[in-house]
Amino acid sequence: MVNELETLVTDFYVNQKLALKLDLPGSRETDLDLFGRLKKEFPQLSNFRRFEDELALESDDLKRCYSWLSLRGTMLRSGFVNPADLTEAYDLHRRILEVAPYFLSISPIDVDHLELVFGFDLEAQANRDSIVFNA
C-alpha cells in the first residue's frame with residue numbers, strides 16, 4: 001500500500017469502470033483471449049471466476065494486496081487494492097484500456113463514460129460516517 005496511507009486507512013484502492021452504450025460481445029473466445037493476454041502481462045491475475053452475468057479474473061489476496069478485472073453487460077471494470085505504489089494500479093488500468101478495444105470491439109462512439117475512483121476503508125469502533133464527516 002502507498003506508505004503514507006498505511007497509517008491512516010485499513011485499505012486503499014483504485015478502481016476503474018469503462019461504461020459502454022452497447023453490450024460487450026460476450027463471446028467465450030474473445031473474453032478468454034482478453035483475459036489470457038492480460039494474464040501474460042500481469043501474472044498475478046490467475047483466478048478465473050464466473051458469477052451471475054459476470055466474468056472475472058482476479059489475483060490472490062496476498063497481504064491484503066490484490067487486483068481484478070471483470071466483464072459484465074455494458075461494463076469493463078478493474079481494481080487494485082492496497083498497491084505498493086500508485087504506478088502498479090495505473091499500469092493495470094492503462095493496459096486494460098489499451099488492449100480491450102481490440103479484443104472486445106470497443107470504439108470511441110460506444111463509450112458512455114470512464115470512471116477512476118480512489119477509495120479507502122477505515123476500521124473504526126465508532127460510526128465511520130460521523131468520523132469522516134467531522135474530519
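So what is the 222 nm mean residue ellipticity for the chain from helices alone, if each DSSP H run of at least 4 adds -39500 (n - 2.57) and you divide by all residues, rounding to the nearest 500 deg cm²/dmol?
Details: 4 runs with 44 residues, N = 135.
Helices in the chain give a 222 nm mean residue ellipticity of -10000 deg cm²/dmol.
Taking the chain as the reference, fit the longest principal axis to its C-alpha atoms, fit the long axis of helix 86-104 to the helix C-alpha atoms, and give the angle between the two in degrees, 0 to 90, nearest 10.
Compared with the principal axis, the helix lies near 20 degrees.
Just to check, using Stokes-Einstein with a Kirkwood Rh over alpha carbon pairs, what's the diffusion coefficient of the stretch 19-134 at 20 °C and 1.002 mPa s in µm²/s?
Values: Rh = 15.6 Å.
The diffusion coefficient I find is 137 µm²/s.
Round to the nearest 0.05 the FRET efficiency obtained for Tyr90 and Ser130 when R0 = 30 Å and r is the Cβ-Cβ distance.
Working: r = 33 Å, r/R0 = 1.09.
With a Förster radius of 30 Å, E is 0.35.
Compute the label zone of Val9 within the stretch 78-105: residues whose backbone N is under 15 Å from the point 7 Å along Cα-to-Cβ.
79-90
May I ask you to compute the full-extension gain from Asp60 to Lys40, defined as 0.36 nm times their residue separation minus their alpha-carbon distance, rounded to one decimal in nm?
Here the answer is 5.6 nm.
Highest mean first, how do 56-67, 41-52 rank when packing is the count of other Cβ atoms within 10 Å averaged over residues? Please list the in-between numbers first.
Working: 56-67: 15.6, 41-52: 12.4.
Result, highest mean first: 56-67, 41-52.
What is the gain in length, in nm to one decimal, between Phe48 and Asp23 on full extension, counting 0.36 nm per residue of separation less the C-alpha to C-alpha distance? Please report the intermediate quantities before stating the final value.
Details: separation 25, 0.36 × 25 = 9.00 nm, distance 2.09 nm.
Gain on stretching Phe48 to Asp23: 6.9 nm.
Going by alpha carbons, how many degrees (0 to 90, nearest 10) lie between the helix axis of 28-41 and the longest principal axis of the chain?
50
Let's see if you can work this out: charge +1 on each Lys and Arg Cβ, -1 on each Asp and Glu Cβ, no other charges. What is the dipole magnitude of the chain about its Cα centre, in debye to the nearest 20?
Values: 15 positive and 24 negative charges, 56 e Å.
Charge dipole, the chain, about its Cα centre: 280 debye, nearest 20.
Projecting each Cα onto the charge dipole of the stretch 19-134 (Lys/Arg +1, Asp/Glu -1 at the beta carbon, about the Cα centre), which of Ser107, Ser59, Ile131 comes out farthest on the positive side?
Most positive-ward Cα: Ser59.
All of the numbers you see were taken from the coordinates with simple rules; none came from a lab. Predicted model only: the values in this text are computed from it and were never measured. Note: ideal-geometry Cβ built from the backbone for every residue, glycine included; neighbour counts use all protein chains shown.
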